[in-house]
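Enquirer: Input: one structure, supplied below.
All of the numbers you see were taken from the coordinates with simple rules; none came from a lab. Computed from a predicted model, the values in this text were never measured in an experiment. Methodologically, a virtual Cβ is constructed for each residue, glycine included, from the backbone with ideal geometry; neighbour enumeration extends over all protein chains shown.
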Amino acid sequence: MEGVAGLVMVAIVVVLGGGEKGTLAEVRIFGNFLWREAFDEAAEFDIQIPSFFLFAESFRFFLSVWFCKVWVETKPLRKSFNSSPAKEAETTHSFDGMEDERWGMVEKKGNQFVVGGQPFYFNGFNTYWLMIFAVDESTRRKVTEVFQEALSVGYTVCRTWAFNDGGWRALQKSPSVYDEEVFKALDFVVSEARKYKIRLILSLVNNWEGYGGKAQYVKWGNAAGLNLTSDDDFFSDATVKGYYKAHVKAILTRVNTYTNITYKDDPTIFAWELMNEPRCLSDSSGDKLQAWIQEMAFHLKSIDPVHLLEIGTEGFYGPSTPERLQLNPNSFAGQVGADFIRNHRALGIDFASAHMYPDSWVSNSISDAYIQFVKSWMQNHIDDAENVLGMPVIFGEFGLSSKDDKFNLTFRDKFINTVFDTQLNSLRSGGSGGGCLLWQLFPEGAEYMDDGYAVVPSKSPSTSRILSLHSRRLQLFNSRCSWKCHWGCKKKRSEDVNFVDDLPHDEL
């Protein structure tokens, strides 16, 4: 009879699955201990244990362990209802290795982001100037306030610059010559992000002249005696490419002075971005930019094969897919040297990116045409990422400028809701819509840096509610799927994720 009970116990362990840590393992060990004690006592006093009692007790123990399993694995789900992000931040990561085991590297599994094997759909934001503000003690506090504002609406990913080439407060003053104080400022940004459980997408150079960009690299080349005639020589000249490669290595191998963690080993960094909005107008075929992407992806991955890598494109379709050119916001977009499908087929690129600025691309006068454009633009890129590329896609920038004709907060809220609803539609089918990043989030008191797109949650209650609701929905989906997947959850079944719609709009 003891053999039968042992088989029942084995069946229980098999059904529940092995390898869990902490509470579940302790329950199983304790349960086995109780059974051994019971049989020892029965043998000592020659007590015959009826078979129905064995099976009844086995079933009762099965229910107890099952309850413990559900209780432990639904902790993130229950926590989302019972605690605020601010409270979670109080007990977040230290730098001594004793940190939340879920703070692992973000990875890619098929067309989805995962952390620890579980889905990671995210709501995020851009604040490009964090490193510059962190240099001066008088403005460093604003970096912390940005992350606090982000936490207040549930943001989990931030995209920011890991470059400032030449000029004021330059990180890279000349090729491979760095200002250590500015580098320490970037260290501070990474450490603060880690403190507030916000992951970073770090962009490594600008296509535009702001913060130096490719134009500064070409100036350095000419100062060294090269005869470069176009900013697009950035993509083809061997010396200039060498400057960029050296910068990539300097960032990736940097040891953070606050955390003592090398950047390429830090899970706080979600991904590297090769360039902000790359374009190569001198070669509309796209060959020059494509060769650069492939070369730099190989270089970066040779240094850091673990972190994810993206390009930073705006999402324009190019010559490799003439049938898709009509999806671009205008004819010019297909002639800038970028090519969404071809670019993201480069080896080493882990996920796709697209941006959304209907006020710049469609019309500077706000209308419902913006809404239709967003729906079409997002859905086509999600479909292509899933069906053609087989990877996640993020919408790395989206926003509306307060300088637009007919701008009003009500329409901005409608615009943001459209972006979020489209991502949720992808989520319902386990799709490629991995995340959206608002351009851009500001704390109070930094409005003088506003380019027209700033959102200050504390000053925009309606927008703040929309941001918070979307964050909560994604958090609930990630948490629920985390424990449901142990019981055969299939993300392709929409009925398993419709619960995200159960949150009323005034829930927060």
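Enquirer: Mind checking the full-extension length gain between residue 139 and residue 291? Use 0.36 nm per residue of separation minus the Cα-Cα distance, one decimal, nm.
Expert: Working: separation 152, 0.36 × 152 = 54.72 nm, distance 4.01 nm.
Length gained between residue 139 and residue 291: 50.7 nm.
Enquirer: Between residue 372 and residue 332, what is the label-to-label distance in nm when each label sits 7 Å out along the Cα-to-Cβ direction?
Expert: The two pseudo-label positions are separated by 2.2 nm.
Enquirer: Suppose every K and R has +1 on its Cβ and every D and E has -1 on its Cβ; what is the size of the dipole of segment 252-360 about the Cα centre, in Debye to the nearest 20? Please list the in-between numbers first.
Expert: On the way: 8 positive and 14 negative charges, 31 e Å.
Roughly 160 debye for segment 252-360.
Enquirer: Using a Förster radius of 45 Å, what is the FRET efficiency between residue 257 and residue 283 based on their Cβ-Cβ separation? Nearest 0.05, please.
Expert: Numbers: r = 41 Å, r/R0 = 0.91.
Plugging the Cβ-Cβ distance into 1/(1 + (r/R0)^6) gives 0.65.
Enquirer: Once amide H atoms are built 1.01 Å from N in the peptide plane, which residues 5 or more positions from residue 206, or in another chain, come under 5 Å H to H?
Expert: Distant-sequence amide H within range of residue 206: 213, 214, 276.
Enquirer: Hey, another quick one. Grab the Cα-Cα distance for residue 409 and residue 379, subtract it from 0.36 nm times how many residues apart they are, and report the gain in nm with one decimal. Display every interim value, and only then the final one.
Expert: Details: separation 30, 0.36 × 30 = 10.80 nm, distance 2.46 nm.
Full-extension gain reported as 8.3 nm.
Enquirer: Quick one: which residues, 5+ away or cross-chain, put their amide H under 5 Å from the amide H of residue 199? H built at 1.01 Å from N.
Expert: 157, 158
Enquirer: Near the amide H of residue 262, under 5 Å away, which other amide H atoms are found, from residues 5 or more places off or on another chain, if H is placed in the peptide plane?
Expert: When sequence neighbours closer than 5 places are left aside, the close amide H contacts are 256.
Enquirer: What distance in nm separates the simple spin-label points at residue 302 and residue 321, each placed 7 Å from Cα in the Cβ direction?
Expert: For the pair residue 302/residue 321, the computed spacing is 3.0 nm.
Enquirer: Give me the extension gain from residue 227 to residue 460: residue separation times 0.36 nm, minus the current Cα-Cα distance, reported in nm with one decimal.
Expert: Full extension from residue 227 to residue 460 adds 78.8 nm.
Enquirer: I would also like to ask the following. Calculate log10 I(q)/I(0) of segment 248-368 for q = 0.12, 0.13, 0.17 Å⁻¹, where I(q) comes from the Debye formula with a single equal point scatterer on each Cα and nothing for solvent.
Expert: Values returned for q = 0.12, 0.13, 0.17 Å⁻¹ are -0.51, -0.59, -0.85.
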